[in-house]
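The values are calculated or read from the model by the stated rules, or taken from the named source; none is laboratory data. Nothing here was measured: the structure is a model prediction, and the numbers come from that model. We place every Cβ from the backbone using ideal geometry, glycine too, and count neighbours over all the protein chains shown. Just so you know, the surface numbers come from the protein's heavy atoms only, side chains and all, with ligands and any DNA or RNA stripped out. Shrake-Rupley method; radii C 1.70, N 1.55, O 1.52, S 1.80 Å.
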Amino acid sequence: MAFIKIDNIYKSYKGLKVLENFTMHIEGKKIIAILGPSGCGKTTLLNILAGIIQPDKGKVIGLENKKISYLFQEPRLIKWKTVWENIDFILKDKMAMKEREKVITKYLKMVNLMEFRNYYPNKLSGGMKQRAAIARAFAYPSDVLLMDEPFKSLDFELKFKLIDCFIKLWEVDKRLVFFVTHDIHAALLLGHDIYVLSEKPTNVKLRMVNEIPHRERSLKNKYILELEKKIIDNFEEITHV
Amino acid sequence: MAFIKIDNIYKSYKGLKVLENFTMHIEGKKIIAILGPSGCGKTTLLNILAGIIQPDKGKVIGLENKKISYLFQEPRLIKWKTVWENIDFILKDKMAMKEREKVITKYLKMVNLMEFRNYYPNKLSGGMKQRAAIARAFAYPSDVLLMDEPFKSLDFELKFKLIDCFIKLWEVDKRLVFFVTHDIHAALLLGHDIYVLSEKPTNVKLRMVNEIPHRERSLKNKYILELEKKIIDNFEEITHV
Amino acid sequence: MNSILKDRLYLLISIAVLIMLWKFLSLIIDSEIMLPSPEKTLIELISIIKQKTFLRAVFNTIFRSLTGFFISLILAVIIGILSGIFKPVHYIFKPIVGIIKSTPSIAIILLSLIWLGSEYTPILVGFLIIFPILYSNIIEGIRNVDEDLIEMANIYKVKKWRIIKEIYFPSILSYLMAGAVTCLGLNLKVVIAAEVLSQSVVSIGEGLQFEKYNLNTAGVFSWVIIAVIISAIFDYSLLKLQNRIEKWK
Amino acid sequence: MNSILKDRLYLLISIAVLIMLWKFLSLIIDSEIMLPSPEKTLIELISIIKQKTFLRAVFNTIFRSLTGFFISLILAVIIGILSGIFKPVHYIFKPIVGIIKSTPSIAIILLSLIWLGSEYTPILVGFLIIFPILYSNIIEGIRNVDEDLIEMANIYKVKKWRIIKEIYFPSILSYLMAGAVTCLGLNLKVVIAAEVLSQSVVSIGEGLQFEKYNLNTAGVFSWVIIAVIISAIFDYSLLKLQNRIEKWK
Amino acid sequence: SENTKPAEEKQEKNVVDEKENEKITLKVAAPSGPTTVSLIKMFKDKPSFGDNIEVIYESIKSPDLLAAKIISGEVDFAVVPTNLAAKLYNKGVPYKLAAPTIWGVLYVAGTENVEKWNDLKNKEVVTIGRGLTPDILFRYLLSKNGLNPDEDLKLNYLSSPQELAQTMIAGKNTIGIIPEPMLTTVLMKNKDIKIYIDMQKEWKKLTGYESYPQSSLIIKNEVLEKYPKVVDKFLTEYENSIKWVNDNPDKAGTYVEDLNIGLNAKIVEKAIPRSNIKYVDASNAKSAIREYLKVLFDFSPESIGGKLPEDEFYFER
Ligand SMILES: Nc1ncnc2c1ncn2[C@@H]1O[C@H](COP(=O)(O)OP(=O)(O)OP(=O)(O)O)[C@@H](O)[C@H]1O
Ligand SMILES: Nc1ncnc2c1ncn2[C@@H]1O[C@H](COP(=O)(O)OP(=O)(O)OP(=O)(O)O)[C@@H](O)[C@H]1O
Ligand SMILES: [Mg+2]
Ligand SMILES: [Mg+2]
């Protein structure tokens, strides 16, 4: 995992060019935040990384045979399984029962869903489904973590709590993380590298390296505020802000 | 519509108390922003206002026979209809074809989806689905507009563009709007009244009135910043912020 | 509870209307051979039920019917899921299912009587009818499985057979139920017809044939009523099962 | 394209294997009357196709089969959707469908011949078999309609009949398709059997019966092959239709 | 209620409409098999019954269809199993029995060594239709010849003569009760099969009657009342046809083959002598019919409709 190369990737859907000559090189186990306009191809990119979609041209090197957790843009919970069973489902082949119980409990507690572990998805609120999906992605012992808007539908307080937890988890068990977000704060607090993507046909418009250690990051930190401004300036015509 | 009374509402699901003695009185055609922890009962509240759910006790006065637009928490697009057809579907009984065309075009342009009007939902990105749902809710000529996290999955730029559009639309055609959000900025820029809800059993924890006219609002405005702080303080233990 | 009572009421009204209609028609037609009256049929029904072999006949037919049903079900589920997931299996079974689906029973009944005897022939004939139904419902169910869930399970490297068991299988359940609801009743009816063709001893088919041969229409109707009741019991059991399985709804 | 070719290949292999198996069995059994060889059957098939009345017989049977199918389909869709949406309708039709579902054909064939004559009896017999299948598939489809969409449409005050047409109907299509795929073939088979019982003139049933009377098993098999081919054509048309309807997939 | 009582409705119409030159259509139906053979000359020649009378002949394979046509009053003349005639009468369907014409077509045949009844002991015998007349008659003969049908031998049932023939030809069954003309087919296709027992002769040994009246001509009451002359002519023609058939089995065979009902000329020709086709007026056969129905009745009252028919069942020519 020393080096991940996303090389000259092209992807279009029936004449709609989505990714064009898209390139990204990543060294080491970092957290990569990806920002970009809606519909620009962020999910497509994650799907290519996950191997769900094949690019039309170009290739991804360094992710072969890696274990991947993918927090999809939708929760993708199995509706005939409870929250607990949904997580248990993906762990069953990998761990003994005792261990599974420990892991699931840990992550359900983290996302405040322990109380609701026996709920079926259609009895959960939007944010709760999202949290169950987060718990599932975190619980899976992977090398690479892909997350598509992980903190959407979460309230302010919970979002920051989870960002905090995530940092702690990551420090203990470092892995490569790609996460797509529309939340600049989350990107600033979590990302080592922040990529801002352009409109379709999509490419990297801006790449920023955030060198401040996680423990020192805060939305009041000057350097972070500067980065924020840089990102916002990259978007055009934002009224009122 | 002079006066909407949400009076002592109780709602629980099989022993899980969600709303308890919930009360809200609203005068005039205002924009009401609702903030609150994930799973506290915001969607339940909107469903009660929409008449989809009956409260166990208490009642809502003033919404009888009102035409309601509801932007659900999920896009709820009909998957065998294109974006255009999805909006046309709800307008068909209400307008002549010519008018429908005009209306749909207007709102699809507003959400930048005109180019994708013939796409089926499964060919759309998450944010595009959300935008199609927004266009549908806006296009429907309603007295009351309910929106559950309208701006989620939208990028920064688009979000502010839509907030802007929304304000302009509202000024031309004032209606009562309830909108649930986890985005404090959106609440501050749009809401006349901002309600912060408590944890379950849920009640109003904080109510704020934002008296600045919409045209003067900005995230740099002092009064707005003060309100923001007030809201954030109401959530506890937010690290790093 | 109130709504269940209401449902029952509607059901009773509907049955009552049907019986009244029957009585009315029988009065107009006024021919026991063409349409016997409900009373006459009831008397016949009682006398049929009192026959010594009645229970054994009913048991034999139900047994054949259920055996055939479960064989078809199990084969359809296994072959259906396999061919829904693996294209080659699908194309290998396609012509076989096509043949099964459209071979008229009379064309194979002799071969079946020779190889299986009159005891099992009705089971085979039933199989030829219901297997394709169950199979195609399963195929359609698989076509409509949520691809997103399969993708999710594959990403998380869940074993193939567990994906089949825990995603495919529950997904097709609702299609399977639609199939099963029909097939249980249908199979009963087909087995009865096949019992006539294969002259199975002590069976509903035999009883029915006997009454029909004797132009005793009231007797024929009695057997029909018995078949309808058995089929209603099947349906009810299936409904209970379904409610149990779909407790997440 | 490549994958389609591959699929075709599998299909051909499967058919070839079946024919070889058939040949093999016919060698073992070695009795033209019990299992004719494929060659013998082919010769018979050609001579049947050359008969003057062949096309008319096929046409009549297909016509009966399709008529019955469409009557059943239309009734099932209307009654199914209504009873899926309105509980009282459901409970009123429940016993009727129950009776239709489990009434053995032999029980009504005599009455049907008296009332409808031999022209329409096969249609009725087919209806009694396929209507309940289509009906229960529709009911199951409605049980599985996305409630959220209905809620959405109600909120936006879309007219009831448009909700039925534009949400319920497309939702049940996939269930209906599962039903239709089976029912077209099944109905053909049932109609043929009923044509034998009711002795419809110039029909596949008559042809089949004629060969059976002559103890010409190869002839019987030829008619089976013809039925299988017709049914395959039905299936293919349905598949094309389905791909067209589900272009959003 | 237009369809309700077809038989009676027609009757009323005719009462109103009867004029000298009114066109009258009469229908004749017979099961394909020996009965159609017996009528074949009429099928072929279509003898005239008067200028305004049209007669339509139909050979019917499906017993259900035949019964349906009779019950609905669609046919005016029909040759049916005698016990069906009794059943119809007992159920109030307005037909009378005019003449038994088929006097038994059942034979015990097979590939094993059977010479006398006792040789059937512990054997498997295949027959058609449990509880149907061939079954009843065979059981009757067995018990009269000292064998218990349920214990001394094993009876297997098939649902149609075609299946019976197929299994016999293929050698899957070695002893069977085979009706003509299937018997001839079987004998031609499997040379090992021999006839052991002529059930008609056995009947004669037991009852003294020449044979049992397996099928008979029945005529709708309305026709009997309204067109007695036509009826009389019909009976004469039928008698002639039967005579002709017995005298010219070869021609009869070709005629039958021309009907395209699945019977081949050669087979019909050979089957005719064993089909015991013989015209007897009902009045002259009353006791033979009674004896036959009595046997059936004793075995199962329902097989003749619950009771022995009264005298008015028989048409007096
Ligand atoms: N049908 C139901 N059956 C049982 N419990 C339910 C049902 N619907 C909602 N709940 C429960 O009610 C509570 C409130 O749900 P609701 O969807 O209103 O939350 P919310 O405030 O909209 O949350 P979010 O911001 O995450 O969408 C949750 O705990 C949820 O589990
Ligand atoms: N299966 C598909 N067929 C056709 N077009 C597709 C398909 N999937 C995605 N697209 C198109 O590709 C583009 C990129 O989609 P993608 O889902 O990657 O966007 P995204 O960056 O994730 O957007 P969002 O932030 O809104 O989720 C969109 O314009 C979408 O319409
Ligand atoms: Mg996306
Ligand atoms: Mg919600």
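For the pair B and D, the buried accessible area comes to roughly 2100 Å² in total, with a 1.4 Å probe and the value rounded to the nearest 100. The string of couplings for the range E:264-280 from the Karplus curve (6.51, -1.76, 1.60, θ = phi - 60°) is 9, 4, 4, 5, 4, 4, 6, 7, 3, x, 8, 8, 6, 8, 7, 8, 9 Hz, one whole number per residue in order, with x for Gly and Pro. Using Cβ point charges alone (K and R +1, D and E -1), the dipole size of the range D:49-127 about the Cα centre works out to roughly 200 debye. What net charge do the residues around A:P201 carry, taking every other residue with its C-beta under 15 Å from that of A:P201, with Lys and Arg at +1 and Asp and Glu at -1? The answer is +3. Checking every one of the GluC sites (Glu not before Pro) in the range D:180-249 against DSSP loop status and a limit of 15 other Cβ atoms within 10 Å picks out D:E246. Placing R0 at 60 angstrom, the Cβ-Cβ distance between B:E211 and D:K159 gives a FRET efficiency of 0.90 after rounding to 0.05. Summarising the label geometry, the points placed 7 Å from Cα in the beta-carbon direction at E:K116 and E:R317 lie 4.1 nm from one another.
Relative to the first principal axis of the alpha-carbon coordinates of chain B, what is the inclination of helix B:156-172, with its axis defined by its Cα atoms, in degrees from 0 to 90 and to the nearest 10? Here the helix axis deviates by roughly 90 degrees.
Helix content alone sets the calculated 222 nm mean residue ellipticity of chain E: runs of n ≥ 4 DSSP H residues at -39500 (n - 2.57) each, divided across all residues, give -13000 deg cm²/dmol. Interface D-E: total buried accessible area of about 2000 Å², 1.4 Å probe, protein heavy atoms only.
Remark: the Cα gyration tensor places the range D:1-49 in the oblate category, a/c being 1.5 or greater and a/b not exceeding b/c. Per residue, the range C:61-145 exposes an accessible area of 34 Å² to a 1.4 Å probe, with every protein chain left in place. Skip the ligands, DNA and RNA, and give the accessible area per residue of chain E with a 1.4 Å probe, whole Å². With all protein chains present, chain E gives 41 Å² per residue.
Under a 5 Å amide H cut-off, with hydrogens placed 1.01 Å from N, E:I218 pairs with E:A78, E:V79, E:V80, E:A98 among residues at least 5 apart or on other chains. Summed over both chains, the accessible area lost when C and D associate is about 5600 Å², using a 1.4 Å probe.
Between the amide H of E:V55 and those of E:L26, distances stay under 5 Å, these residues lying 5 or more places away or on another chain, with hydrogens modeled in the peptide plane. If R0 equals 35 Å, the separation of the Cβ atoms of D:L21 and D:I233 corresponds to a calculated FRET efficiency of about 0.90. Of the residues D:I138, D:L208, D:W161, the one whose Cα sits farthest toward the positive end of the charge dipole of the range D:130-219, with +1 on the Cβ of Lys and Arg and -1 on the Cβ of Asp and Glu, is D:W161. Along the range C:179-190 the Karplus relation, 6.51 cos²θ - 1.76 cosθ + 1.60 evaluated at θ = phi - 60°, assigns HN-Hα couplings of x, 5, 4, 6, 5, 4, x, 4, 5, 4, 5, 5 Hz to successive residues, with x for each Gly and Pro. Among chain B residues, the beta-carbon with the smallest distance to the axis carrying B onto A is reported, with distance in whole Å, as B:K152, 2. Over the residues of chain B, the helix contribution to mean residue ellipticity at 222 nm works out to -10500 deg cm²/dmol, using -39500 (n - 2.57) for each DSSP H run of at least 4. Give the shape of the range D:1-157 as rounded, prolate or oblate, defined through the alpha-carbon gyration tensor: a ≥ b ≥ c are the square roots of its eigenvalues, a/c under 1.5 means rounded, and otherwise the shape is prolate if a/b is larger than b/c and oblate if not. It comes out oblate by the Cα gyration axes.
Between helix C:38-50 and chain C there is an angle of about 70 degrees, using the helix long axis and the longest principal axis of the Cα atoms.
Counting only protein heavy atoms and a probe of 1.4 Å, the accessible surface of chain D is 72% carbon and sulfur. Taking Cα centre as origin and charging only the Cβ of basic (Lys, Arg, +1) and acidic (Asp, Glu, -1) residues, the dipole magnitude of the protein assembly as shown rounds to 4320 debye. Couplings for the range C:143-160, taken from phi via the Karplus curve 6.51 cos²θ - 1.76 cosθ + 1.60 with θ = phi - 60°, read 4, 9, 5, 5, 4, 4, 5, 5, 4, 4, 5, 5, 4, 7, 6, 6, 4, 3 Hz in order; Gly and Pro are left as x. Once each of the GluC sites (Glu not before Pro) sitting in a DSSP loop with at most 10 other beta-carbon atoms within 10 Å is removed, chain A keeps A:65-210 as its longest stretch. Across A:K200, D:K189, the residue with the most accessible area heads the list, and the full order at a 1.4 Å probe is A:K200, D:K189. Considering only A:T82, A:T202, A:N47, and ranking their Cα positions along the charge dipole of chain A that arises from unit charges at the beta-carbon of Lys, Arg, Asp and Glu, the one farthest toward the positive end is A:T82.
Sorting B:R76, C:R162 by solvent-accessible area of protein heavy atoms yields B:R76, C:R162, largest first, with a 1.4 Å probe. Longer than 26 Å from Cα to Cα, which of A:K123/B:K106; B:K123/D:K165; A:K79/C:K165 are they? Say none if no pair is. The pairs that break the limit, which is 26 Å between Cα atoms, are A:K123/B:K106.
Here the contact order of the range C:92-180, divided by its residue count and restricted to Cα pairs under 8 Å and six or more residues apart, works out to 32 percent. For chain E, the longest principal axis of the Cα atoms and the long axis of helix E:282-299 meet at an angle of about 50 degrees. Placing a label point 7 Å from Cα along the Cα-to-Cβ direction at B:H25 gives distances to the equivalent points in the other copies of 6.8 nm, listed shortest first. In the structure shown, do any of A:K98/C:K247; E:K189/E:K270; A:K159/B:K42; A:K229/B:K161 have a Cα-Cα gap over 21 Å, and if so which? Those over the limit are A:K98/C:K247.
What you get for the range D:16-90, charging only the Cβ of Lys and Arg (+1) and of Asp and Glu (-1), is a dipole of about 380 debye around the Cα centre.
At a Förster radius of 22 Å, what calculated FRET efficiency corresponds to the Cβ-Cβ distance of C:F86 and A:K92, to the nearest 0.05? According to the calculation, E is roughly 0.40. Atom-type composition of the exposed protein surface of chain B places 50 percent of the accessible area on carbon and sulfur (1.4 angstrom probe). Rounded to the nearest 500, the 222 nm mean residue ellipticity of chain C from helices alone is -29000 deg cm²/dmol, with -39,500 (n - 2.57) taken per DSSP H run of at least 4 residues.
Once amide H atoms are built 1.01 Å from N in the peptide plane, which residues 5 or more positions from B:F179, or in another chain, come under 5 Å H to H? Answer set, sorted by chain and number: B:I32, B:A33, B:I34, B:M147. With the convex hull of its Cα atoms as the shape, chain A has an orientation-averaged projected area of 14.0 nm².
Expressed as a fraction of 2.2 N^0.38 Å, the C-alpha radius of gyration for chain E is 1.02. For chain C, the relative contact order is 27 percent, taking Cα pairs closer than 8 Å that sit 6 or more residues apart in sequence and dividing their mean separation by the residue count. Ranking D:I49, D:I13, D:S26 by how far each Cα lies toward the positive end of the dipole of the range D:13-62 (charges on Cβ) leaves D:I49 at the top. Other residues whose C-beta falls under 12 angstrom from the C-beta of D:Q199 contribute a net charge of -3, scoring Lys and Arg +1 and Asp and Glu -1.
Is the range A:145-192 best put as rounded, prolate or oblate by its Cα gyration tensor, with a ≥ b ≥ c the root eigenvalues, rounded for a/c under 1.5, and otherwise prolate when a/b is larger than b/c, oblate when not? In terms of gyration-tensor shape, oblate.
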